[in-house]
Structures are given as C-alpha cells and as structure tokens.
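Where a number appears in this text, it was derived from the coordinates with a stated rule and is not lab data. Just so we're clear, the structure is a prediction, and the values are computed from it rather than from any experiment. Don't worry about glycine lacking a Cβ; one is built from the backbone with ideal geometry, like all the others, and counts go over all protein chains shown.
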Amino acid sequence: VTDNFTLNLGLRADNTIYLDDPRTDRFFNDTAAAAISQYYDLRGARSGQMTDPKWSINPRIGFTYKIEDEGITIRGGLGTFTGRVPLVWPGGVYNQNGVSIAGLNRSNVEFRPDPLGQYSLQDFGLSARLPSGEVNLIAKDFRLNKVFRTSLGVDKNLNNGWKLSVEGVFTKNINEIAYQQVNILPPTTKSVGADVRNVYSLSGNFPKNIPMRADGSNPYTGVYLLYNNDDKKGFAYNFTFTIDKAWRNGFAFNANYTYGNSVVMNEGTSSQNSSQWRYMETVNGRNYMPRSISDFDIAHRINAYVAKKITYANKFLATTFSLVYNGQSGSPYSYVMGRGMVRDFDNNEDNDLIYVPRSSSEIRFVQNGTVTPEQQWNLFNTFIENDDYLKNRRGQYAERNGARLPFTHVVDLKIQQDFNIRIARKNYQFQITYDVFNFTNMLNRDWGRQYWATNDNYRILDFVGYVSATDLTPTYRFTQPADGKPYTVSDGAFNSSRWSSQLGIRFNF
C-alpha cells in the first residue's frame, strides 16, 4: 500500500472426498435407527453412509506496518482456517459397522503362516450373529474442522540493540467435533444428598441398552455418533512478551513470558471413536459434556536463553556455550472416582469427577479394611486442605483439568565447536556439538523434576455403590495416595526427569 505498509490477502478452499461407501448394516437402518431416534438425534446418520463435506471457503488478511523513525513494527491479521480431521475417525465408519468384524479367543491353536489362509469361525464350528459389535456413525452434514483466528503484535527496537515484542493470538472454534453414545437409554434418576447427578439404570447391563430386537435385546456393544458441536464451542488465547539482545562480543540473550488458556468440549486425542467418548471426565455423563480446560492448556511459561560465542585462531575456530531455561506450569489433570456413580459405560471404569464435600455430613464412607469411616474422612479432609485446588472447591464439583501438576524448571546445555576452513576461495564449516538435555538434573538428582498423571486424571475416591436400589445415596472408600501426592515423577522418553546427552557432527558447505 505504501513503502511502510504491506497488506496480504488470501483465499483458500478446502474439501475432503470419500471415494467409497462403507458396508451397510440393514438391521440398523431398518430397525435400530428408529429405536435410537426416539431418544437421540442421529443428524441424518445411517449405516453405509459417509458424510458429504461441503467446500470450506477461508478468507484471511494480514498486514505489516513499519514506523521506522520510532523503530516500531505493527503486525497482525485475521481469517478462517480449515483442516481435515484425522482420517482414522471417519475411518471408523468403514471398520466398525456391525457386519465387518467378528472376534474369537482360542488357545493352543496351530500357527498358520499363510496370511490369506487364517482361521475363520467355521473352522471351530461357530458362526457370528450379525449384526454385532461396535458401530461408528457420522452425521450426514458433518463439516471439516474450522476456526477463526486473529493476532496482533508490536515489535519495538530500543537503545543499544535491545528489542521488545508483544503479541496476542485469539482462536474461536467454528466447526468442532463432538461424540455421543446413542445405544443407551438416557438416565431417568438422580443421586441424592449433596452430590446430585445423573444415574443410568441400576438393573441389567451397565448401562441398560435401548431394546431393538423383538426379544428386547440389543445386538451392539456401542453405537457412537461423530458430529459437529452446535454450541458451547471452544476457544483459545495467549499473550507473549519477549525481550531480545545480541552483543558484538558474542553474547546473546532472549527471554519471553507466555500466558495461554484453551477451552474445549471434546478433546479429540484418541485413534478410536469409542475412546474419544470414553475417556472424557464429566459430572453427569459423557453424553452431557460441558466446556472445560483443555489437556493442552499451557497457562504460564517462561523461556530464556543466554549464549556466548568465542572466536579465536584468526577466526579458524569458534566455541559457543548456550544455556536454555524453560519454566512451565504443570499439565492440567482431573480428580475423578474409581468406578462411577453415573454408570454410563460400565461399573468398573468411569471418569466421574468428584464432589468436594464441605464437611463429613456431605459424604458417606464405609469400612476400608481396618480404616473406619471416621478415619477415612479425617484423611480425606486433610488431603483436601493440603491441595491448593481442592480446598477452594468445597461444596462444588471438581472441574475437568481444574488441577495442575507442579511448576517445572529445566535447563539445557549446548556446546558447539566450529572449524572454519577456506578451500579454493570457498568457505566450509565442520561442527561438533554436545547437548545435555535437563542439565539441571545432571547437576543435582533432585533438580529438573517433571511430573505425570496417568490419563491426565487421578482416582482419589473409590465409589462403592448406592445404599440401596431405592436410596441413591453414594458410599465411598478413601485410600491415602502414595507419598501423599496424586501424581508421580515423569520418567518417560519425553518430559523426562532424567538428564540425557547427545553428540552431533555437521558439515556445512
């Protein structure tokens, strides 16, 4: 537009085309769909039918404005952005359709090396009752993931080579995924007491399935619908402040602080549609999910590095020492109960968020080995008071990802040795590098600790059951966590509390 003002305009079109139709379960379309539709909106989904995504038109605009006399650059933009979903999710409609897969468990069976000559059910005198198993469905008008995003940043050159940057980014979901299990009867009762929440049927399976056959049975282990969430859509924002300086004598310094917040309804982290639904933590069941803090919410992060390059031997040799610091809020996690009050999956694996009682009158414990109910309350109450998150949630439910692992401090070290060679008027460089990741832990075995909560949650209470079929007062057992902490020290390949090092060689030409 001018010498100091640059404007970028863009337009992108995205689409996904499925070339084949999945196999069709006639029983589902002729009978099961009608039974399910009495309780759930299938959004046009049918067996043997893939979604037909429409073209997604995404305009965007960006700008850069330089005020050279002031040493200021203002930059930013806004637009919509679309990406395809991981194809394993719609792929479930092809694989899990009630008629393609059957399973068999047998021991002491002779191995068959021919991949095309494997055992069938008929080899064991068995047959599969079809349809059966898990069914994945996708809404007819399912749309590709899409977000609106805008950013604004300012860079300012200060005196003596210092540079300051401030930037903010905001993202709002337009199309996002959601899941429902649609083969289970909706809950009709509530628990009683201080903790009032949905309770699925206490009789039959966990939970009781919608009857579909004439005999009242249901042939499916689960029917999962993938669709676009219409409301309670997620968003994210973050702000970053950066200061940077490079000196002529080889010193370089950079430090930045970021605060970010990310809110979602469905996380979308698994390769199976059933797991996408199954592992979400909720109060009233996974068919009734509100928005919550994301597993990937970063909160506070401080990153800094300092480096010194020493050049010598008539610039033939150079050695660079670098230290990089990362201070990071711990990952978010949830306080849940073992087993579950809601019973929307089964009786042994639920991710029900706990209610945090104000007093002993709001929770009922039963004998836990030699530990009496009164002793369990005293232990649980002490744990709550010593937990920075739970002590502020008295009389409320624990939130999904409301708690956080401890803040971590990690320093990495890098040493780089350069050999600069000039041959036939051309410059070549040979480098040897030595990196120590989590150098903090190399200095002291108690430093550089990072932490881990399995599946991003901790089962702090064990739900024993209701007092009776007519008295839906929940009862619990409490077992003190090992070391009094609901998490462990991370010792995996990533975010490890152990130091590790590597030697590298590079030739630049």
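Of note:
- With the cut-off at under 16 Å, measuring from each backbone N in the range 437-467 to a point 7 Å along the Cα-to-Cβ line of GLN502 picks out 437-439.
- For a paramagnetic label modelled on ASN261 (point 7 Å from Cα along Cα→Cβ), amide N atoms under 13 Å away belong, within the range 216-243, to 235-239.
- Fraction of antiparallel bridges per DSSP, the chain only, in percent to nearest 5: 90
- Of (1) 178; (2) 262; (3) 164, the label for volume of the Cα convex hull per residue in Å³ derived from the coordinates: (2)
- Cβ-placed point charges (K, R +1; D, E -1), dipole of the chain about Cα centre in debye, nearest 20: 1420
- Label-to-label distance, nm, for residues given as PHE241 and TYR325 (7 Å Cα→Cβ offset): 1.6
- With R₀ fixed at 22 Å, the C-beta to C-beta distance from LEU317 to TRP162 puts the FRET efficiency at about 0.15.
- In loop segments of the range 40-74 as defined by DSSP, the chymotrypsin sites (Phe, Trp or Tyr not before Pro) with at most 11 further C-beta atoms inside 10 Å of their C-beta are TRP55.
- Taking GluC sites (Glu not before Pro) in DSSP loop conformation with at most 14 other Cβ atoms inside 10 Å as exposed sites, the chain has its longest uninterrupted site-free stretch at 111-348.
- Rough spin-label spacing in nm, given labels placed 7 Å along Cα→Cβ, for THR188 and ILE415: 7.4
- Of the trypsin sites (Lys or Arg not before Pro) found in the range 108-197, those in coil by DSSP whose Cβ has at most 11 other Cβ atoms within 10 Å are ARG129.
- Applying the criteria of a DSSP loop state and at most 12 other Cβ atoms within 10 Å to the trypsin sites (Lys or Arg not before Pro) of the range 228-328 yields ARG248, LYS315.
- Look at where the Cα atoms of the range 122-148 and of the range 362-422 average out, and the two centres are 38 Å apart.
- Here LYS156 is the anchor, and the lysines within straight C-alpha reach of less than 25 Å, apart from those fewer than 8 places off in the same chain, are LYS66, LYS245, LYS308.
- Two-site FRET efficiency, ASN444 against ASP21, from Cβ-Cβ distance with R₀ of 51 Å, rounded to 0.05: 0.25
- GLN396 paired with THR382, simple spin-label distance in nm, labels 7 Å along Cα-to-beta-carbon: 2.7
- Modelled FRET efficiency - R0 45 Å, PHE148 with ALA469, Cβ distances, 0.05 increments: 0.35
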